[in-house]
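One structure is given below, encoded as structure tokens.
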Amino acid sequence: MAPYPHLFSPIQLGGLELPNRIVHVPTDISSSHADGEVSERDIAHHAEIARGGTGFIIVGATTPDSKTGRPTVTCLVADGDNYIPGLARLAESMHRYGAKCAVQLQHPGRQSAMPRYNTLGANDRVLKLPWSAGHEIVYENAEEKGKEIRAASVEEILELTDLFSEAAWRVKQAGFDAVELHAAHGYLLSEFMSPFLNRRTDRFGGSLENRMRFPLAVVDSIQRKCGRSFPVLVRYSFDEWCEGGRGLEEGVEIARILERAGCAAVDLSMGMQESPGAGFDPMQYPQGWATYAAEAVKAAIRIPVITSHSLRDPEYCEQILAEGKTDLVGLARALLADPYWPVKAQYGREKQIRRCISCLGGCWQESMMAKKEIACSINAACGDPAYARMTRTSEPVRVAVVGGGPAGMEAARVATERGHLVTLFEQSGELGGAMKYVCLVPGKEKMRWYLDWIRGQLLDLHVDVQLGHAPTVEELRGYDLVLNATGAVSYVPDVIGDTERVVPFEESMACPKIACECHPGGRKMRKLGARVLLWGDGYAAADTAAFLASIGKEVTIATERPEFGSELEVIHMYVLRKRFAQGDAEVLDSRPYKHPVTVITGTTVHEIRAGEVVLQDRDFTRTTLEVDDVVTCHVRPETALFTALRAAGVAVVNVGDSLRPRNLYWAVKEGSGFGLAIDEHRLFNPNHAILNELPMDVLGQLTREEGPAYSARQMAVLAELEPRNGTKETVRT
């Protein structure tokens, strides 16, 4: 018997039978060709999710009208018949592995990434949504002004209704099993449906009946063109989580309206761009916090209900299915982190699941926000077909990895999987690097999931891990290849006064527990006074501030930058700024900090004195602040070993924070990339990068021994031509 009988039972969705209850809820992977044509990356990504056992896959964010709205710069497009062949290949790639599939049609409206300007919406407005993929572009030395949005005319609404249904017809022609409308998160249909966003005074605004007129017209048009037997789903924000927005009562009523309209299922989401915490649910949000919505809707309608938002564990998903709280469970980022989540659950291999940690680093900050393709902070294989071609080596290389943070651990894992002989050195008594501090940061406990997973992988692979040992250059000479993943270290910038008083942030964040399951032996935590100044920026400052404020310290942050945390993930900074102000983001109900956290931007520390510091801003204005302790959150790469190895002629590669301090995404990406790139020929190019996958002739030209000027046969011919008098003649060859 399967360990999860409800999770792996079939269900009817209209006339369509789904093989199990796991749904890939729509995710814009932004990997299509520039014109919106299906790419090989689109096919590879969705085929892998189907291969992993997801029963129903909803392909995300496909625009019905690329001229007026694309949610990301390389989303899918379905506004012409020329897109049908590519969509057909995409559908077949999922059908091949037994999955059913749908396409989500989404017009982003006011939140368009393309076009940037003259964006279409329900109303005229000026929009400032810095965490949206369609955010205003603010150049380096410019000021934020907001994006001007113009209200769609009635004629445009009617035209878009037809464009939606035309796109749905193409989806059906391509062989997809269903279509879904995106009516959540403040995009075009959502904006019309929202009591908070819709300020129209015509027949498309005001009452719920009027606000539903546009989406219901789209549903009706699709049914007329595709037939009522072709399933139409609608994804909408059940609760908008802002004052004046939709709440539980209207959320349930909309489900009833959609059922009466003949929709095959409702796909429940939460929030809008004005309430990004609920919409994106970062680390601070508990698993399944939105399940209450599915439970309320299921009591009111008979068609299937899909719930999502922070579903991570098969056990939890099985539980809410068994209790009748939902009909299907929706996974999105969880399948980016591990597309084989379903099959691992099926075989009872739950510990092998790489659980999403809700960091939003790869899937949002480093991808959509940067106008790039989808990625994942803890799964470098996400969107990279090179990992699908990964093979085991026939000639193992002896590899030394120095540094047990995420970059080093991922390098050791991938290299060992490929058959190389790896020794991982970590000078402290514990693997984890900067991730060792997450236990102390309220809301970031999910990062431990990844840390526990990667540690478990190294144990399963029997990697030779040397804790409490910093290898010397001479010791490392004995390896074929060395990876330097020594991370970053805090430092004190030039400042007047007693720099010995400055505390490294690492010491203020060192967990003092010596008996927890992580065995953090050797940590020393510096006790700080009641008033603490954090000097610096980045994750070091943000995490340290969150920890110290949570234990009652009065925290002030001084950063030289014009905005604190400008390089950090935007949704987490949204939540953290709420906490700094002794409040909380929507849904959450954390205990307020004892003191608000004060952030002073454009300012540095000029002088450190006993019991006080002198701050200096950009205009050289100085102010004195009474503090008990100063903590430096400035970090720089730890490159001493790397420099020494290079000088000694040792083959070495530098990755992660020891290359440049950034975030988990880059550490995992570069560490995994090293493991993938290792080649038995151990060649480097002049840029100090590993050479692999060389053309056969070039590989031979670089590795085979060079022979004599003439072959043996040519030498014999020369000998026969030599004159009898012993003089040599030039032989033209």
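See the values below:
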read-out: Proximal aspartates and glutamates to Lys325, defined as alpha-carbon separation beneath 12 angstrom and excluding residues fewer than eight positions away on the same chain; value: Glu295
read-out: Kirkwood hydrodynamic radius of the stretch 63-131, Cα pairs, Å; value: 13.8
read-out: Directionally averaged projected area (convex hull, Cα atoms, the stretch 1-72), nm²; value: 6.2
read-out: Kirkwood-type radius of the stretch 292-449, with distances r between different C-alpha atoms, in Å; value: 18.3
read-out: Packing-based order for 680-690, 610-620, 257-267, using average beta carbon neighbours within 10 Å, highest first; value: 257-267, 610-620, 680-690
read-out: Gyration tensor (alpha-carbon) shape descriptor, the stretch 21-161, a/c threshold 1.5; value: prolate
read-out: The stretch 105-161: proportion of alpha-carbon pairs further apart than 16 angstrom, %; value: 44
read-out: Highest-first arrangement of 435-445, 56-66, 136-146, where packing means the average Cβ count within 10 Å; value: 56-66, 435-445, 136-146
read-out: Ratio of the Cα radius of gyration of the stretch 442-496 to 2.2 N^0.38 Å, where N counts its residues; value: 1.67
read-out: Per residue Cα convex hull volume in Å³ - calculated over the stretch 192-302; value: 110
read-out: Whole-percent pair-distance distribution, where bins are 10 Å wide, for the alpha carbons of the stretch 571-645; value: 15, 28, 29, 22, 6, 0
read-out: Built amide H within the under 5 Å cut-off of Asn123, gap 5+; value: Ala152
read-out: Coarse-grained scattering of the stretch 619-733 at q = 0.11 Å⁻¹, given as base-10 log I(q)/I(0) from a Debye sum over alpha-carbon atoms; value: -0.69
read-out: Amide H partners (placed H, <5 Å) of Ala61, local residues excluded; value: Gln104
read-out: Equivalent ellipsoid dimensions for the chain as semi-axes, Å, which come from the Cα gyration tensor, largest first; value: 47, 38, 25
read-out: Integer Hz, Karplus 6.51/-1.76/1.60 couplings in order for the stretch 396-410, x for Gly and Pro; value: x, 10, 7, 10, 10, 10, 10, x, x, x, x, 5, x, 5, 5
read-out: Listed pairs Lys446/Lys553; Lys372/Lys446; Lys553/Lys669; Lys172/Lys669; Lys298/Lys446 exceeding 28 Å between Cα atoms; value: Lys553/Lys669; Lys172/Lys669; Lys298/Lys446
read-out: Karplus-derived HN-Hα couplings along the stretch 635-652 (A = 6.51, B = -1.76, C = 1.60, θ = phi - 60°), whole Hz, x at Gly and Pro; value: 10, 9, x, 8, 10, 4, 5, 4, 4, 5, 5, 4, 5, 8, x, 7, 5, 9
read-out: Distant-in-sequence amide H partners of Met114 (H built 1.01 Å from N, under 5 Å); value: Arg70
read-out: Rounded to 5, the percent of DSSP beta bridges in the chain classed as antiparallel; value: 25
read-out: Karplus-derived 3J(HN,Hα), 6.51/-1.76/1.60, for each residue of the stretch 691-706, Hz, glycine and proline x; value: 9, 9, 6, 6, x, 4, 5, 5, 4, x, 5, 8, 10, 6, 5, 7
read-out: Dimensionless Rg over Rh [the stretch 513-662; C-alpha; Kirkwood]; value: 1.04
read-out: Kirkwood Rh in Å, taken over all unlike Cα pairs in the stretch 432-553; value: 17.0
read-out: Cβ charges +1 (Lys, Arg) and -1 (Asp, Glu), total dipole of the stretch 3-60, debye; value: 340
read-out: Among 402-411, 480-489, the order from most to least packed when residues are scored by Cβ within 10 Å on average; value: 402-411, 480-489
read-out: Convex hull volume per residue for the stretch 610-656, taking Cα atoms only, in Å³; value: 144
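The numbers here are math on the coordinates, done by the rules we state, and not lab data. Since the model is a prediction, treat every value here as computed from it, not as a measurement. Backbone-built Cβ (ideal geometry, glycine too); neighbour counts: all protein chains shown.
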